[in-house]
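Reading through the structure tokens given below for one structure.
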There are 2 protein chains.
Amino acid sequence: MSGAPATIKDIARLLGISVSTVSRALKDHPDISADTKEKVNETARRLNYRPNALALGLKSSKSNTIGVIIPEIVHFFFSSVISGIEDAAYETGYNVMVCQTNEMYERETMVAKALLDHRVDGVLVSVAKTSTKFDHLTLLQDNGIPLVFFDRVCAFIETDAVVVDDYKGAYMASEHLISVGCRNIVHLSAPENLLIGKLRKVGYCRALEDNNLQVDPYNIYLCDTSEKVEEKIGRILDRHPRPDGFFAVNDSTAIAVIQHIKKAGLKVPEDIAVVGFGDGPVATICSPTLTTIEQNGYEIGYEAMRFLLDRINKGITAIVARKKVFAPVLVKRESTARRFENR
Amino acid sequence: MSGAPATIKDIARLLGISVSTVSRALKDHPDISADTKEKVNETARRLNYRPNALALGLKSSKSNTIGVIIPEIVHFFFSSVISGIEDAAYETGYNVMVCQTNEMYERETMVAKALLDHRVDGVLVSVAKTSTKFDHLTLLQDNGIPLVFFDRVCAFIETDAVVVDDYKGAYMASEHLISVGCRNIVHLSAPENLLIGKLRKVGYCRALEDNNLQVDPYNIYLCDTSEKVEEKIGRILDRHPRPDGFFAVNDSTAIAVIQHIKKAGLKVPEDIAVVGFGDGPVATICSPTLTTIEQNGYEIGYEAMRFLLDRINKGITAIVARKKVFAPVLVKRESTARRFENR
DNA sequence: TTGTAAGCGTTATCAG
DNA sequence: CTGATAACGCTTACAA
């Protein structure tokens, strides 16, 4: 059989008592006689009664659901984040609505509204590459829905955020390249309107400056996917003098670079050293294995959810904006090895 | 400011008209005067009015939300599936609640109940490795919530399913190994209680039999993660005669095998050829690149969502159980190359 | 110890 | 053209 779910009314009718009695019995209210409780619970079990979360939510203005706005699910980092969020939510009885924007501003605004419609208790956001306006996010706040950013923070909105130290990670990555002997380092960067893009670029620049290397603007390319690498790598490798190091804004870009370098008959790291950012599983699968900056997505997701729960429980404005900044860790592997002696 | 979201009542009060008029005006009911509509819409815009999906859901018994039960989000295949589901849902105005079970039966039952509580309009499921009872899923059906399986089907429940042809894929993979000269092929399998585990194993066995090779039960290991490979690979490579081919139930297991073979000083594919299942991005990143069976997660998710929408719209029982079986494609790469001449 | 009724936000059915 | 009112499932004063 496949009928509609049982309600408190069904139980009341079956037992010839009122719905309020049933309601109280189900939540073990002290006023209700043991006998009645017994009967109610038995019937509830028999009917597979489950409270209607929609009704509960309507009554209490709490949906017990949180929303996640994420650029693309199919990336190790982002799926790790979701996994962390999901586990933290499960532990605390929340459900998670996941919305992917596919990096589109328009879609980001749509899903933000959908989450508002559903009266989610809070939202975790990592903004899309193309988002430059953020009214859709302040709209959520204006409606009493707390926001927490992870990874891709929006600088114009004052709220909690959980990130790795992008600046420092980039600095470490770049300095490591210098320490293994690179002097002509290319940075493959993400768009500047993403804070991570900007910070990682600044980290790169500063590392060069601090080591008395000239920052050549022509050594910085907007290039953050393997497709873009495909497009631009030829031109980059043809430059004179040829770059001897790459710091890529993420692992998949770094690996695409390695593959093209190898295809061009050059060697990593002997001719060109490469560092990525993220430390996904691919970093140990590619060959040579990839030196990269660790970025623990699971932890980031988990902590972001903890922040959000605080805000949900203590009131959206009760807390001053907090940042959780994970210290980046440089994981050295083959793509910068052999050059270590130069250090 | 961050107040509670505006309601239809707020608009009514502000305009000094009744809520029913507002409701009708907002949905462009023909009865309402252009003038009133104008005023209502203007006020709605000004207040950022958004209909309360909880109230709507309560009234209509439709939450406009679907649930997804998935073993682990952090796998390329599963995250691709979610991405496909998510896109299909977005196109049709549905929201997606994602629940990961971490392969635990107990958690699977919990999330199934949570989805029932939220009165989701339908559920997409890929069962956990450890699930052998399925009352929690029939519970959903009994409550009028349609179910569609993807990838990890439950054989005991009669409903739609979207999968690749696991049997055939495994058959092709194994036969390919034979065709490149392997005669002593190990199969690293998933648990038998998973239909995919069983079918892939049967495909392997049948391919051997059809090619006059003995199926040696000792050549079949329960080993479906890189951790388990770590544990068992030593023993397997020490066997005499040494295996000359591996068919692994998924890519990450296959790649772990390749890495260990290389570490043991043997060559892939010259000494041992390896085939995986899934064709994730890692298959082209590892070295040698991995021959594997394509399994398009995005398509599977997208189609599963289409099936589910049909069932939601036409009534849960109106349709006889349909299976969408994607034809597997063997993608030949280096991990079985060079041996091609033997074909 | 139990029942009645109002209300959460919305829509549909009746009346005007 | 517009307004009451009931209902969706549930909780919670307030009565009894």
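Of the trypsin sites (Lys or Arg not before Pro) in segment B:195-240, the ones in a loop by DSSP (not H, G, I, E or B) with at most 13 other beta carbons within 10 Å are B:Arg239.
Figure legend: label point modelled 7 angstrom from the Cα of A:Ser2 along Cα→Cβ; residues of segment B:302-331 with amide N under 19 Å from it are B:303-324.
Using a Gaussian network model on chain B with a 10 Å cutoff between Cα atoms, which of B:Asn102, B:Asn211, B:Asn184 fluctuates the most? Result: B:Asn211 has the largest fluctuation of those listed. Taking every DSSP helix (H) stretch of at least 4 residues in chain A, weighting each as -39,500 (n - 2.57) and dividing the sum by the residue count yields a mean residue ellipticity at 222 nm of -13500 deg cm²/dmol. The region of chain B that goes longest without hitting one of the GluC sites (Glu not before Pro) in a DSSP loop, each with at most 12 other Cβ atoms within 10 Å, is B:1-157. For every other residue with a beta carbon closer than 13 angstrom to the beta carbon of B:Glu72, add +1 if it is Lys or Arg and -1 if Asp or Glu, then tell me the sum. That sum, taken over residues with Cβ under 13 Å, equals -3. Specify which residue in the list B:Thr65, B:Leu54, B:Thr21 is farthest towards the positive end of the charge dipole of segment B:1-105, using unit charges on the beta carbon of Lys, Arg (+1) and Asp, Glu (-1), about the Cα centre. About the Cα centre, the residue reaching furthest to the positive side is B:Thr21.
Taking Cα atoms of segment A:254-343, Rg/Rh with Kirkwood Rh, to two decimals?
On the way: Rg = 19.0 Å, Rh = 15.5 Å.
My calculation puts Rg/Rh at 1.23.
In summary, the aspartates and glutamates within cross-link reach of A:Lys129, defined as a Cα separation below 13 angstrom excluding same-chain residues under 8 places away, comprise A:Glu72, A:Glu103, A:Glu106, A:Glu108, A:Asp151, A:Glu192, A:Asp224. The H on the amide N of B:Gly122, modeled in the peptide plane, is under 5 Å from the matching H of B:Gly67, each at least 5 residues off or on a different chain. One equal scatterer on each Cα of segment B:1-139, no solvent, Debye formula: the resulting log10 I(q)/I(0) at q = 0.10 Å⁻¹ is -0.51. Any idea what the relative contact order of segment B:204-343 is, in percent, if you count C-alpha pairs under 8 Å spaced at least 6 apart? Reported relative contact order: 20 percent. Positive contributions from Lys and Arg (+1) and negative ones from Asp and Glu (-1), summed over other residues with Cβ under 14 Å from the Cβ of A:Val40, come out at +2. Note: relative contact order over chain A, using C-alpha pairs below 8 Å and six or more positions apart, is 18 percent. Binning all Cα-Cα separations of chain B at 10 Å, short to long from zero, yields these whole-percent fractions: 5, 22, 24, 18, 13, 7, 6, 3, 0. For segment B:61-150, what are the per-bin percents of Cα-Cα distances with bins 10 Å wide, up to the bin holding the maximum? Calculated over all Cα pairs of segment B:61-150, the distribution is 18, 54, 27, 2 percent. Bridges between two residues of the protein assembly as shown, per DSSP, are antiparallel at a rate of about 10%.
In a simple Cβ point-charge model (Lys, Arg +1; Asp, Glu -1; nothing else charged), chain B has a dipole of about 420 debye relative to its Cα centre.
Each residue of segment B:177-182 was assigned a 3J(HN,Hα) from its phi angle through the Karplus expression (A = 6.51, B = -1.76, C = 1.60, θ = phi - 60°), giving 4, 4, 5, 9, x, 6 Hz with x at Gly and Pro. Annotation for segment A:8-71: trypsin sites (Lys or Arg not before Pro) lying in DSSP loop with at most 12 further Cβ atoms inside 10 Å of their Cβ are A:Lys27.
For segment B:1-141, relative contact order (Cα pairs under 8 Å, six or more residues apart, normalised by length) works out to 22 percent.
Assuming R0 = 35 Å, what is the FRET efficiency of B:Val202 and A:Val19, from their Cβ-Cβ distance, to the nearest 0.05? Efficiency at R0 = 35 Å is approximately 0.05. Here the protein assembly as shown is described by how far its Cα atoms reach on the three principal axes: 77, 67, 50 Å, from widest to narrowest. Taking Cβ atoms as reference points and 13 Å as the exclusive limit, the residues near A:Asp121 contribute a net charge of +3, counting Lys and Arg as +1 and Asp and Glu as -1. Please report the base-10 log of the normalised intensity I(q)/I(0) for segment A:8-51, using a Debye sum with one equal scatterer per alpha carbon and no solvent, at each q in 0.14, 0.18, 0.19, 0.25 (1/Å). Ignoring solvent entirely, the Cα scatterers give -0.23, -0.39, -0.44, -0.78.
With N set to the number of residues, divide the alpha-carbon radius of gyration of segment B:195-290 by 2.2 N^0.38 Å and report two decimals. Kindly include the intermediate steps, with their values, before the conclusion.
Numbers: Rg = 13.0 Å, N = 96, 2.2 N^0.38 = 12.5 Å.
Dividing the Cα Rg of segment B:195-290 by 2.2 N^0.38 Å gives 1.04.
Using 28 Å as the Cα-Cα cut-off, could you pick out the over-long pairs in A:Lys198/A:Lys314; A:Lys59/A:Lys324; B:Lys198/B:Lys323?
A:Lys198/A:Lys314; A:Lys59/A:Lys324, as the Cα separations exceed 28 Å there.
Values quoted throughout were computed directly from the atomic coordinates according to the rules given, and no laboratory measurement underlies them. Owing to the predicted nature of the structure, the values given are computational and were not obtained by experimental measurement. Here Cβ is always computed from backbone atoms with ideal geometry, including for glycine, and neighbour counts include all displayed protein chains.
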